[in-house]
């Protein structure tokens, strides 16, 4: 059984073919970018959605919805490198990070997350419900998938763990074999990742690529701040959201990152568009 449903990447550009073989899979952060987005309309829309749905919708859900819509519109962004060639994912899946805190020993704080399958088909209320349920189970120690992964890997010596992770990477991406028969989730991160560092008081932060995940886009939300902004030529008080990105340059170059930035800004500045059917 295939691990990921893949379809041919038709007519890649000359650069895209060269880039696919010029670099190894990313082991360090690649291309970065940041932008500021006026957030008054977005915050008002989120509050309206909370009232309508009874769900505690946040900026994270809105950004997850927005990047899923952008990827669904521009399918060339929904790609990974395999055997030196680009291949497109059929599904648009978005992963949201979840922190499992340990106030008594911060070194034991863990990092997990929730992958939204077919995220482009989910509205923010559905994302909120799924994330709340899965994150609650993870933090309560009741998520079977997370517990299995944690128990099998946490006590393993590094000399064994490193080649095992490389084998899993080879199995699920190079060979495209679903590794669930080994008790490991297949393709855990999907098309893009979203993480919110604003909850820790940070405005700008760039997340690194996990070396054994073929996910080319990571969006990091900073905190929303009161700022002096220019509105129709006048300096006025405003609210600003910081949105930061890390991109795999083999899949997303500056041109593509510019498209992502332009369309994310348009969606988040006019959040009623997040209700549109993709």
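Extending 7 Å from Cα along the Cβ direction at residue 210 and again at residue 90 yields two label points whose distance is 2.3 nm.
Note the angle between two axes, namely the Cα long axis of helix 254-269 and the longest principal axis of the Cα atoms of the chain, as a number of degrees from 0 to 90, rounded to the nearest 10. With rounding to tens, the tilt is 50 degrees.
Take residue 83 and residue 253, extend 7 Å from each Cα along the Cα→Cβ direction, and tell me the distance between the two endpoints in nm. Those two pseudo-labels are separated by 2.5 nm. Where does helix 124-139 land angle-wise versus the long Cα axis of the chain, in degrees 0 to 90, nearest 10? Relative to the chain, helix 124-139 is tipped by roughly 50 degrees. When the chain is treated as a Gaussian network with alpha carbon springs shorter than 10 Å, the biggest mean-square fluctuation among 234, 41, 261 belongs to 234. Inter-part distance, the range 235-278 to the range 161-219, computed on C-alpha centroids, equals 22 Å. Of all the options 13, 34, 112, the one that moves most in a Gaussian network model of the chain with Cα springs shorter than 10 angstrom is 13. Summed over qualifying helices (DSSP H, 4 residues or more, each -39500 (n - 2.57)) and divided by its residue number, the chain shows a 222 nm mean residue ellipticity of -10500 deg cm²/dmol. Residues 220, 184, 174, arranged from fewest to most other Cβ atoms within 10 angstrom of their Cβ, appear as 174, 184, 220.
Rounded to the nearest 5, the antiparallel percentage of DSSP beta bridges internal to the chain is 85%.
Taking the range 179-210 and a reference point 7 angstrom along Cα→Cβ of residue 52, no backbone N atom is nearer than 15 Å. Take every Cα pair under 8 Å whose residues are at least 6 apart in sequence, average their separation, divide by the length of the range 159-220, and the relative contact order is 33 percent. Note: relative contact order over the chain, using C-alpha pairs below 8 Å and six or more positions apart, is 29 percent.
Quote the relative contact order of the range 135-277 in percent (integer), defining contacts as alpha-carbon pairs under 8 Å separated by 6+ residues.
Here the relative contact order equals 15 percent.
Between residue 74 and residue 17, the modelled label-to-label distance comes to 2.3 nm, taking each label 7 Å out from Cα in the direction of the beta carbon. Can you match Cα Rg over 2.2 N^0.38 Å to one of these, (i) 1.07; (ii) 0.98; (iii) 1.03, based on a calculation from the structure here? From the options (i) 1.07; (ii) 0.98; (iii) 1.03, the structure gives (iii). The antiparallel fraction among DSSP beta bridges confined to the range 140-278 stands at about 75%.
Values quoted throughout were computed directly from the atomic coordinates according to the rules given, and no laboratory measurement underlies them. These numbers come from a predicted model, not from an experiment. Note that each Cβ is placed from the backbone with ideal geometry, even for glycine, and that neighbours are counted across all protein chains shown.
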